[in-house]
Number of protein chains: 2
Amino acid sequence: MPVAKGALCIADRLAMILGKDDRRERCDYVDKFEQRLDQAARAAWLSYVGGRTQDEIASQLGVSRPGVQRLLALARQEGLVKVRIDHPIATCMMLSQQISERFDLDFCDVVPMDTGAADSSYQYLAVAGAERLERYIERMAPLTLSLGSGRTVRAMVEALSRLDRPQHRFVSLVGNVARDGSSNRYDGIMVLADKTGGERFLLPAPVVAGSVEEKEAMLGQRLFHAVTDVALKAEAAFIGVGRIDRQAPLFQDHFINEGELDELLAMQAVGELLGWPMNQDGDVIDCSITRRVTSLPLELLRDQQLVALAGGREKAPAILAALRGGWLKGLVTDETAARFILDAGR
Amino acid sequence: MPVAKGALCIADRLAMILGKDDRRERCDYVDKFEQRLDQAARAAWLSYVGGRTQDEIASQLGVSRPGVQRLLALARQEGLVKVRIDHPIATCMMLSQQISERFDLDFCDVVPMDTGAADSSYQYLAVAGAERLERYIERMAPLTLSLGSGRTVRAMVEALSRLDRPQHRFVSLVGNVARDGSSNRYDGIMVLADKTGGERFLLPAPVVAGSVEEKEAMLGQRLFHAVTDVALKAEAAFIGVGRIDRQAPLFQDHFINEGELDELLAMQAVGELLGWPMNQDGDVIDCSITRRVTSLPLELLRDQQLVALAGGREKAPAILAALRGGWLKGLVTDETAARFILDAGR
DNA sequence: TCACTTGACGATCAAATGATCGGACAGCAC
DNA sequence: GTGCTGTCCGATCATTTGATCGTCAAGTGA
């Protein structure tokens, strides 16, 4: 297999030929490196572009195979080798990698933003989340899994394929009834349990109780206890991330009224997890609303795989807060939010 | 090791969700491929950019390791992976690769053109050739090696490091005396034998005899025979390539006179190897000069590693002819000539 | 409905790769 | 001149990678 070699490795020998012996020392030193780099470039070319094996390269370059190895290492180290993946997914991979590293996540999925459809990344998120979810559910050993509420979580379970696993248990982390007594239409537990045949555990409470006393009463209920006990045994939790602003789901779905929303905004709340409002550093805000939230305290979920599904420019600050708080182990988001998170982080 | 996955593999499932069952067939088909390509891109990214092992990628993507392998193969096949070597040598490698393949050479070295110095590629060539030469000489087993004449060959042996190999034999392929009886100042055998301590065999003849009778007389000499016998046993031959024009070395060094030069030009000669003039297809031209050339017929060197050293725009047509004639097994040239050869070839 | 084709998937093995180790060489100080 | 030190080089082994094969499931036609 014929390919070129032996060309630029010359400067010191050139100096010898031309009789430039006076400045040998310095020249030799600089050029030894240049020479090595040339060889490295040649080796890299043969390896990555030419696709030859290190043995072939070794014989063509007249060095040993470990020598080729060192050259390739040098070429990579010196940044001679540039690899580019020609696919839209490449940017997403980069973003997800950076987010994973910065916030110490077990995984982070970034779905690409579809320049065509306006709100399609919503469905993308759902499917990406469903794939993660499926990875848990498909295993045969009995599994306990908890779910948050929200449109995204609901969309995720709807995107899930049917899979018969009656041995699994699914439990909700937040109340499924609104203040007026109607059940939360975004609760995913029912759909999930239907699709898998697993057991369902619903939290018989509103997300935010009407008063502190009401909350205390609920926490005292046997049923409530039973459900939360199951929730604490869950291995993973798939939850949404709520924004705190005029479009906040807590407000839109009448879990809190306008005055309470204003209170949260005044206290610099930017987002919520399971109804627990956070400031931009991810600290749970202690206020009148917090004291009435019935869902499991986030602290109790530290040991679980807490996976958040959320995307879009509007939710981005809330996601960032959740990440900063260190609550999450996994994240499924979109390119828009990922960019915001990384830009704001630095 | 956290990194993203599971994002774009959606179209078919999306279709399912949105209830687009009517056009399932076609969609599924197209999208299955897109989906695979997305996975492939992800795998490629993790492998080439992220530097993960295939096992890690497999667990992150939720497929088996052979699956990852197939994805990587697909990514390469579909041209998703673009590798670039950031070094001037990269272009040379490409050129040498193409020349090697097109003309079926065992090797081809292309030295980069130095935009700084004007005629420096001359020295580059010499050093590149010397490295090839060294690869032969450094071996301990007795070696017979033949040399052509010319400035480039001479420069090559001068660029060679000293290396004690008294067991080797070096023999010239072309006469080392000019018509006037003076010895050829470009003969490299003396230098080479001096540097290695090997035996030397000089051809006691001019390149071109004064007449056919003179040539016949020489070929009859016992000494001449002895030397050519050694030459035929050589494993490799390092030769130059001569141009045929007003600056032809054959003419400049008075091996042929102006009238003979004109005769060659009239017969479409573009270059010569060992004094044998060739047309642009590399066929040796049969003419009055040919009948007086004393060096070994090229046909007798078919079995040897015939390595040519030559570069520059002016010599390029001659090199191309030599390549087209299929005389060469190896070539050491420069970027300029390499480009010319490849451009003219297509 | 059944047999056949087609394609994909995962287990297994050979090849290639990366890493560690011991040894040799050159430069330097004494 | 001799010993020391740092550096480079090549042999060996563990890991990773690529390829082949058998199996299985889905789709297709009789």
Inset, instruction - Would you tell me the mean number of C-beta atoms belonging to other protein chains that fall within 10 Å of each C-beta in B:287-299, as a whole number? - result: 0
Inset, instruction - Counting only DSSP beta bridges with both residues in the protein assembly as shown, tell me the antiparallel percent, nearest 5. - result: 30
Inset, instruction - Could you tell me which of rounded, prolate or oblate describes the stretch B:89-345, using a ≥ b ≥ c as the square roots of the eigenvalues of the alpha-carbon gyration tensor, with rounded for a/c under 1.5 and, failing that, prolate when a/b is larger than b/c and oblate otherwise? - result: oblate
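Between beta-carbons, use under 14 Å as the cut-off and find the net charge around B:ALA248, counting Lys and Arg +1, Asp and Glu -1. Mind dumping the intermediate values first?
Values: positive: B:ARG151, B:ARG243, B:ARG246, B:LYS315; negative: B:ASP245, B:ASP253, B:GLU258, B:GLU260, B:ASP262, B:GLU263, B:GLU272, B:GLU314.
Within the 14 Å Cβ shell, the charges total -4.
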Legend entry - Projected-area average for the stretch B:31-84 over all orientations - Cα convex hull basis, square nanometres: 3.4
Inset, instruction - Mind jotting down the distance between the C-alpha centroids of the stretch A:309-346 and the stretch B:272-346, whole Å? - result: 66
Inset, instruction - Would you mind pulling out the separation of the Cα centroids of the stretch A:225-255 and the stretch A:31-99, in Å? - result: 49
Legend entry - For peptides B:104-111, B:48-55, B:166-173, sequence by mean Cβ density within 10 Å, most packed first: B:104-111, B:166-173, B:48-55
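Using a/c under 1.5 as the rounded threshold, could you call the protein assembly as shown rounded, prolate or oblate? The axes a ≥ b ≥ c are square roots of the C-alpha gyration tensor eigenvalues, and prolate needs a/b larger than b/c, oblate otherwise. Mind dumping the intermediate values first?
Details: a/c = 4.04, a/b = 3.49, b/c = 1.16.
Cα axes put the protein assembly as shown in the prolate bin.
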Inset, instruction - With runs of 4+ DSSP H residues as the only contributors, calculate the mean residue ellipticity of the protein assembly as shown at 222 nm using -39,500 (n - 2.57) per run, divided by the residue total and rounded to the nearest 500. - result: -13000 deg cm²/dmol
Legend entry - Which of B:MET190, A:MET278 is most accessible, then next, and so on - probe 1.4 Å: B:MET190, A:MET278
Inset, instruction - Using a 10 angstrom cutoff on alpha carbons, build the Gaussian network for chain B and name the most mobile of B:LEU80, B:LEU265, B:LEU300. - result: B:LEU80
Inset, instruction - List the residues of the stretch A:75-95 whose accessible area drops by at least 20 Å² when all protein chains are present, compared with their chain alone, using a 1.4 Å probe and counting only protein heavy atoms. - result: A:LEU80, A:LYS82, A:VAL83, A:ARG84, A:ILE85, A:ASP86, A:HIS87, A:ILE89, A:MET93
Inset, instruction - Quickly rank B:248-254, B:209-215, A:252-258 as a protection proxy: mean count of other C-beta atoms within 10 Å, highest first. - result: B:248-254, A:252-258, B:209-215
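Of all accessible surface on the stretch B:184-236 at a 1.4 Å probe, what whole percent is carbon and sulfur? Numbers along the way, then the final one.
Working: 1360 of 2450 Å².
Reported share for carbon and sulfur atoms: 55 percent.
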Inset, instruction - Give, as a single signed number, the net charge of other residues whose beta carbon lies under 11 Å from the beta carbon of B:TYR136, with Lys and Arg counted +1 and Asp and Glu -1. - result: 0
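Among the DSSP beta bridges whose two residues both lie in chain A, what percent are antiparallel, rounded to the nearest 5? If you can, show how the numbers build up before the last one.
On the way: 8 of 31 bridges.
Of the beta bridges lying entirely in chain A, close to 25 percent run antiparallel.
Mind checking the per residue accessible area of the protein assembly as shown for me, 1.4 Å probe, whole number of Å²?
Numbers: 29600 Å² over 692 residues.
Dividing the accessible area of the protein assembly as shown by its residue count gives 43 Å².
With the full set of protein chains in place, find how many percent of the accessible area of the stretch B:39-107 is carbon and sulfur; take the probe as 1.4 Å. Mind dumping the intermediate values first?
Numbers: 1430 of 3050 Å².
Looking at the stretch B:39-107 in its full context, I get 47 percent from C and S.
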Inset, instruction - For B:PHE107, enumerate residues with amide H under 5 Å from its amide H, sequence gap 5+ or separate chain, H modeled in the peptide plane. - result: B:LEU331
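Taking every eigenvalue of the Cα gyration tensor of the stretch A:75-168, multiplying by 5 and rooting it, what semi-axes result, largest first, whole Å? Mind dumping the intermediate values first?
Details: eigenvalues 199, 71, 30 Å².
Whole-Å semi-axes of the equivalent ellipsoid: 32, 19, 12.
To the nearest hundred square angstrom, how large is the accessible surface buried between A and B, total for both chains, probe 1.4 angstrom?
Numbers: alone 17470 and 17480 Å², together 29600 Å².
Accessible area lost upon association: around 5300 Å².
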Inset, instruction - May I ask for the angle, rounded to the nearest 10°, between helix B:222-232 and the longest principal axis of chain B, with both axes built from Cα atoms and the value confined to 0 to 90°? - result: 0
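Please state the shape class of the stretch A:266-346: rounded when a/c is under 1.5, otherwise prolate if a/b exceeds b/c and oblate if not, all from the C-alpha gyration tensor. Provide the component values of the computation, followed by the final result.
Numbers: a/c = 2.08, a/b = 1.39, b/c = 1.50.
Since a/c reaches 1.5 but b/c is at least a/b, the shape of the stretch A:266-346 is classed as oblate.
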Inset, instruction - With a Förster radius of 22 Å, plug the Cβ-Cβ distance of A:ARG246 and A:GLN268 into 1/(1 + (r/R0)^6) and report the FRET value to the nearest 0.05. - result: 0.90
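The values are calculated or read from the model by the stated rules, or taken from the named source; none is laboratory data. Given the structure is predicted, the values throughout are model-derived calculations rather than measurements. Using ideal geometry, Cβ is built from the backbone for each residue, glycine included, and neighbour counts are taken over all protein chains shown. Accessible surface is based on the protein model in full, side chains and every heavy atom, while ligands, DNA and RNA are left aside. Shrake-Rupley method; radii C 1.70, N 1.55, O 1.52, S 1.80 Å.
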